[in-house]
Amino acid sequence: MRKRIVILLLLGWPIVALADHITGGQMWYTYEGFANGKHVYNVYLKMYMRCNSGRQFPNPLYVSVFNKTTNERTDDITTPLQRQETISITDHNPCITNPPEVCYVVGYYNFYVYVPPSDNGYYIAAQINYRIDKITNLVPGYGQIGATYVAEIPGNSNTEEDMKNNSAQFTGSDLVVVCARNSFNYSFAAKDPDGDELRYSFCSAYITNGGGGRGNDGAPAAPPPYPSVPYGNAYSGSTPLGDKVKIDPATGLITGQAPGEGKYVVTVCVQEVRSGRIIATQRKDLQINITDCNIAAASLLPDYELCDTSKTLAISNQSTSPLISTYNWEFSNHNGQTIFTSTSPSPSYTFSDTGTYSIKLVINRDGPCSDSTIAPALVYPGLKPSFDVNGICVSKTSSFTDASTSVYGTINAWSWNFGDNGSPDNNSYNQDATHTYSTIGTKLVELTITDTKGCHSFLSTPIGIIDRPPIRIAFADTLICVSDKVPLSASGNGIFSWSPSSNMINGNTPNPTVSPAVTTTYYVQLNEDGCINTDSVKVNVVDHVTLKAMNDTTICSGDAIQLRLVSDGLHYSWTPASQLNNATVANPVATTPVTTSYQVTAVIGSCSASDFIKVRAIPYPMADAGAGKMICYQASVQLNGSTDGNSYSWSPPGSLDNAAILNPVATPPGTTAYILSAFDTKGCPKPGTDTVVITVLPDINAFAGNDTSVVIGQPLQFKATGGVSYSWFPSTGLSSYSIADPVGVYNAPSAGIRYKVYVYNEANCVDSAFIKVKVYAARPTVFVPTAFTPNSDGRNDKLRPIAAGIKNIEYFNIYNRWGQLVFSTRVNGEGWDGTISGQQQQTGTFVWVVKATDYNGDAYFQKGITTLIR
């Protein structure tokens, strides 16, 4: 039995369309008469769905009726889907490149509404799931949202005839191709059976206010007000296709240059104006699919307005179709006289005078897709929109006063958008307008003006709607002496009033003066156009200044100390000021070289008090670490300290023989700063210190040069290094024995002279090195042994060139018996170890060749044979 109940419930539930397929809708009605105390309306609802969506319209559909002022629900209606049809463009224009598919499934509903007479009027509303997804002119990533379609029945507050209304019905065709960044026309025209004047404007599309904006097909509509869809990407309800697209307020024709490719929600409101009164507003909501197509057309804007400051027109065809091959432009004045022609795709012209000019464009003249168009150019610079705002308080009337000016025409039309999306009174067409905001925040108010020359201009200004005006108080509370006066200070926009008013001057200004006899809290009220805010200031009144300075103290001479006191004073003055970092604060820092008595005076208005602090300054103990010294590497030195203190110590102690005496012996491993700290019992608790630096010179790296050979008469340049002064012994053959680089010349052969050089550093520390010089009684030559034994016994292991009287060796090469080069060098004394690529060579003979330059600059060449013995 339970299962049957569930099945019956499911069968009885209405079919609900849940998909992202609804692309628009509109509602209208005809008046059928008055019966049984109620007005009768025959209501039609027309909805659009994208073709081939695989979805269906709601069947049945819930429709609800609400009181227009109280938003009270008066009726809920369910109505079946009457019929549906498919409309599409089947014959595409050959002058359209990449034409899109334009196809809608249209669903029709028809039902009756019965309402009693009402001063307020009624809304008829239906809420649908869902709009198509990813709409370009909405906030990115918002997701699926529902749609609310509304018709408005006027009340009879002005006349009973108003409720006998036949609403305006939109009649424009929806089979229109709109190509991205191309000019287009799209009619949202309507007809009105009652002959009411119709005024058209862009307005905000509605989402549902139930289910998080997602819609509720399977339930009655939620009551108004209905929120706007979340416009984004610089679009709004008043500019759903950007600022290059306009709607004619008299005809409902949308014209201009389309934005980029995408899906855009566009809503047009048509106001029914009867005897100068707006009695009702009807709406048509449609998602327009703008595609990446292109129309070969002579396409200009509806007009070109040079109405600000410039008289120069830079113009181009709005169509960029690749099918366009030629351009012919003609600019004419009001007499029909041609003043400028051009075949450029984008000409520019500066008009010499004001006036209305005709711009004609012909494309592809006498060819395929030929087209022409004419647009006016209005050259009347000097139209400037401006307005003043009075009243920015939420729930109170804000007044907008037009202050626009026109140099050449008279302003005759105004269009206001108060930036209050969802409000039924968001628009006005009066010169001066009023609006009441229900929420706080920044509102973007837009004014579009038109003058008698046909010029339009637009101004967008943000205004802040507040619940209370901000007050800025200079101080929260203050302190004065009895009988003193004190100025209070507040800032903000609006009218100020202070209380209590006793002992107050100028209480209705931002800056009154008060002289209370006792501590008093003053309250300030700020009224900005009916918005009120309050704040307070407490004035504490005293008859004397409380002042208690810190106790006297002792410090080491020249040290800094913070002087402290307890006081309710407002201002302070210390002396002597020269020893203080700031003599006007309560707790300054004092630097005291000698004992000083500091006086402080604390002031509250005409009340004052003084006190003293004595700071006794005791000199630091004297400490003298002695003069710095420079010593040899790994040497020791005695420190010589002195002090008038009764205890002392050295640091660091690690390299001292006794850190607790004045004259310790130091053996520092490197340059070291030794600190002598001295203490006494005179009152200064800190040590006196001094530092001595013992500079330890680095170890001397004495070098006399490598052993060498010369021939008789050959000058030999010595070059010792490692110090700052030198001494050679013996001095045989040397040009000087006391320099680093003497020159030696020899007139007799020698088996070897062994020279010793003493090398001294800055501290006269000394080290020594040796060099051996052989002198040959021969011509310059290179000696090469006839054999060598590379057996690693330390004797004759390498075959080396030994140069005597040679300036430099150009090469010393060794070849095996097959002529292979096995060794080469340019360095005297560098030899071959008997290996080739790491492989030991067997006993055998090798040829050597040497080429060099002797010390006279003459070339030297020699070759010979040597034997490798294993």
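The values are calculated or read from the model by the stated rules, or taken from the named source; none is laboratory data. Quick caveat, the model's predicted, so the values are computed rather than measured. Quick reminder, even Gly has a Cβ in these numbers, built from the backbone with ideal geometry, and neighbours come from all protein chains shown. In case anyone asks, the SASA skips ligands and DNA or RNA and just uses the protein heavy atoms, side chains included. Shrake-Rupley method; radii C 1.70, N 1.55, O 1.52, S 1.80 Å.
Tabulated data
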{"quantity": "Isolated Cys in the chain, by beta carbon distance under 4.7 Å", "calculated": "none"}
{"quantity": "Rounded FRET efficiency, nearest 0.05, which uses the C-beta distance separating residue 53 from residue 461 and R0 of 35 Å", "calculated": "0.25"}
{"quantity": "Residue-normalised accessible area of the stretch 555-680, given per residue in Å² at a 1.4 Å probe", "calculated": "48 Å²"}
{"quantity": "Label corresponding to percent of Cα pairs over 53 Å apart when calculated from the structure given, among (i) 16; (ii) 32; (iii) 59", "calculated": "(iii)"}
{"quantity": "Accessible heavy-atom area order of 614, 774, 134, highest first, probe of 1.4 Å", "calculated": "134, 614, 774"}
{"quantity": "Crossing angle, helix 2-12 versus the chain [Cα axis fit, 0-90 degrees, rounded to tens]", "calculated": "70 degrees"}
{"quantity": "For the stretch 124-237: accessible area per residue (Å², 1.4 Å)", "calculated": "34 Å²"}
{"quantity": "Within the chain, percent of DSSP bridges classed antiparallel, to nearest 5", "calculated": "90 percent"}
{"quantity": "Above-threshold pairs, the threshold being 29 Å between Cα atoms, out of 774/851; 244/284; 164/453", "calculated": "164/453"}
{"quantity": "Accessible area in square angstrom per residue, the stretch 256-321, 1.4 angstrom probe", "calculated": "31 Å²"}
{"quantity": "Accessible area (Å², 1.4 Å probe, nearest 10) - residue 244", "calculated": "120 Å²"}
{"quantity": "Exposure ranking of 191, 453 by accessible area [1.4 Å probe, largest first]", "calculated": "191, 453"}
{"quantity": "Surface accessible to a 1.4 Å probe, residue 90 within the full protein complex, Å²", "calculated": "120 Å²"}
{"quantity": "Solvent accessible area, Å² - residue 27, 1.4 Å probe, full protein context", "calculated": "0 Å²"}
{"quantity": "Fraction of accessible area attributable to carbon and sulfur, the chain (%, probe 1.4 Å)", "calculated": "49 percent"}
{"quantity": "Qualifying lysines (Cα of each under 19 Å from Cα of residue 360; at least 8 residues distant if same chain)", "calculated": "311"}
{"quantity": "Computed helical MRE - 222 nm, the chain, DSSP H runs ≥ 4 contributing -39500 (n - 2.57), nearest 500", "calculated": "-500 deg cm²/dmol"}
{"quantity": "Residue 833 paired with residue 778, simple spin-label distance in nm, labels 7 Å along Cα-to-beta-carbon", "calculated": "2.8 nm"}
